[in-house]
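What follows is a single structure, written as structure tokens, with notes after it.
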Amino acid sequence: MITAAILAAGTALTGAASWAQDAAPFKIGLILPMTGPFASTGRQIETAARLYMAEHGDTVAGRKIELIVQDDAGTADTTKRIAQEMIVTDKVGVLAGFGLTPLALAVAPLAARGKTPAVVMAAATSAVTEASPYMVRTSYTTPQVTSKIAEWAASDGIKSVVTVVSDYGPGIDAEKTFVEGFTAAGGEILDTLRMPLQNPDASPFLQKVADRKPDAIFVFLPSGAAAPFMKQFVERGLDTSGIRLIGDGGLTDDDILNGMGTAALGAITGFHYSAAHDSAANKAFVEGYGTLGKGGRPNFMAAGGYDGMHLIYAALEKAGADADGEALIEAMKGQSWESPRGPVTIDPETRDIVQNVYMRRVEEKDGALWNIEFKTYEAVRDPAHGK
């Protein structure tokens, strides 16, 4: 049934009522990095969005859903220009996507001025939803996850850590949250290192880690930078040095995990989604994504895109076919559902997602590498919002 639904994606449902076909389409403007260094983010989110439409139909509350996908190549000025065109010319009902924090922030004032809901499916800096009352998030926040990694590390006997993060919003969020949580639990931070986001070379930073000899290294990197980092981690012998490798789940991104090889085995990460999550909803999601994505494996970006579509559909159902942006954003607040990642809720006060955080270990099963969950922290909120 999943395959049949996917093959029908992008076509009108034969059973749709004629009055629904006569109504003006409800347009979703999906702005993603489809080219450039973050193209995998765009591919994951678009595939998941189209999967959701294939499974749940393309008519909601009597409105035909039209998905408009535009490539911003990961450039904030381009994101802003596309968003302006979508609001003014295309008359979209909702903006969505936003692969990086600067891209989401570029759209925030436009969303507020146009009273157009903007569903953040990827960007993870805490402040994003504070930038506009029309921003709502279905991905995660870095502090939400990192706070639990710090809690787990301190409880598992790790006494000293060196942090290595990418030098941009989410990386700085990760460093700050981990340092605060780990030191509050009695741990010691031996050094805090920040790698450039563009063209990073991990070698000098890993040498500093080797020199300091911590119990563990905490790492936060965009998923695209994880594979070369892991390779250099092994090349410098840190994998056999006794220094434990822990980090945010982007370090062992499901999309590229198998390509990392044995270097990734044993890495421990905290995250809100794993393709190995043991639930019926996730098994169906992974199967459907694999069919539509020609054998690919969904990652956390795909989960954010899939759930973002669910939120839009649910809000449109609740608010009604003729709802304006203000009514839609109100309808999004407090929504709860069973996601492929587990139970999720949109906090009605912050418009941020509340969800489980899982500690995972990379293990080999049936000839493939998977992030296997071994501990669950339930209903985690973003600590940066005081909860």
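The values are calculated or read from the model by the stated rules, or taken from the named source; none is laboratory data. From a predicted model like this one, the values you see are computed outputs, not experimental measurements. When we count neighbours, we look across all protein chains shown, and the Cβ atoms used for this are built from the backbone with ideal geometry, even at glycine. Note: accessible area is taken over every heavy atom of the protein model, side chains too, but ligands, DNA and RNA are not part of it. Shrake-Rupley method; radii C 1.70, N 1.55, O 1.52, S 1.80 Å.
A few comments on the model shown:
- Residues located in region 56-89, provided they are over 22 Å from the mean Cα position of the chain (by Cα) and under 19 Å from Ile45 (Cβ atoms): Asp58, Ile65, Glu66, Met86
- Restricting the first member to region 286-300 and to residues that are over 19 Å from Thr252 (Cα atoms), and the second to residues that are assigned to a helix (DSSP H, G or I) and of a type outside the set (A, V, I, L, M, F, W, C), the beta-carbon pairs closer than 6 Å and six or more apart or on different chains are Thr291/Thr3; Leu292/Thr47; Gly293/Thr47.
- Looking at Thr59, Thr78, just one residue is touching a residue at least 12 places away in the same chain (Cβ under 8 Å), of a type in the set (Val, Ile, Thr) and open to solvent by 10 Å² or more (accessible area, probe 1.4 Å), and that residue is Thr59.
- Looking across region 153-174 at every residue that is open to solvent by 60 Å² or more (accessible area, probe 1.4 Å) and modelled with pLDDT of 95 or more, the one that is nearest to Asp382 (Cα to Cα) is identified as Ser155.
- Among residues of region 175-203, those that are assigned to a helix (DSSP H, G or I) and at pLDDT 95 or above, counted: 10
- Search result, residues across region 322-348 that are exposed (fewer than 15 other Cβ atoms within 10 Å of the Cβ) and hydrophobic (A, V, I, L, M, F, W, C): Trp337
- Filtered residues of region 79-101 (kept if more than 19 Å from Gly36 (Cα to Cα), in contact with a helix residue (DSSP H, G or I) (Cβ under 9 Å, 6 or more places away or on another chain) and of a type outside the set (A, V, I, L, M, F, W, C)): Gln84, Gly93
- Checking region 128-141 against the condition returns no match, with no residue being farther than 29 Å from Thr79 by Cα, over 15 Å from the mean Cα position of the chain (by Cα) and aliphatic (A, V, I, L, M).
- Looking only at region 167-197, residues that are over 18 Å from Ala150 (Cβ atoms) and either in contact with a Lys or Arg (Cβ under 8 Å, 6 or more places away or on another chain) or in contact (Cβ under 8 Å) with a residue 40 or more places away in the chain (or both) come to 3 in all.
- In region 127-147, the residue that is nearest to Leu316 (Cα to Cα) out of those that are open to solvent by 10 Å² or more (accessible area, probe 1.4 Å) and in a helix (DSSP H, G or I) is Glu130.
- Annotation note: of Arg351, Arg361, the sole residue that is under 26 Å from Glu46 (Cβ atoms), open to solvent by 20 Å² or more (accessible area, probe 1.4 Å) and not in a helix (DSSP H, G or I) is Arg351.
- The single residue among Ala124, Ala150 that is in a loop (DSSP other than H, G, I, E, B) and either in contact (Cβ under 8 Å) with a residue 60 or more places away in the chain or crowded, with 24+ Cβ neighbours inside 10 Å (or both) turns out to be Ala124.
- Here Ala96, Ala106 are screened, and the one residue that is open to solvent by 10 Å² or more (accessible area, probe 1.4 Å) and either within 26 Å of Gln70 (Cβ to Cβ) or assigned to a helix (DSSP H, G or I) (or both) is Ala106.
- Of all residues in region 212-260, those being in a loop (DSSP other than H, G, I, E, B), open to solvent by less than 50 Å² (accessible area, probe 1.4 Å) and not β-branched (Val, Ile, Thr) number 7.
- Condition check for Leu238: touching a helix residue (DSSP H, G or I) at 6+ places or on another chain (Cβ under 7 Å) and of a type in the set (A, V, I, L, M, F, W, C): yes
- Matching entry among Gly249, Gly266, Gly224 (being in contact (Cβ under 8 Å) with a residue 60 or more places away in the chain and touching a His at 6+ places or on another chain (Cβ under 8 Å)): Gly249
- Test: residue in region 26-39 that is open to solvent by less than 10 Å² (accessible area, probe 1.4 Å), part of a helix (DSSP H, G or I) and under 20 Å from Glu317 (Cβ atoms): no
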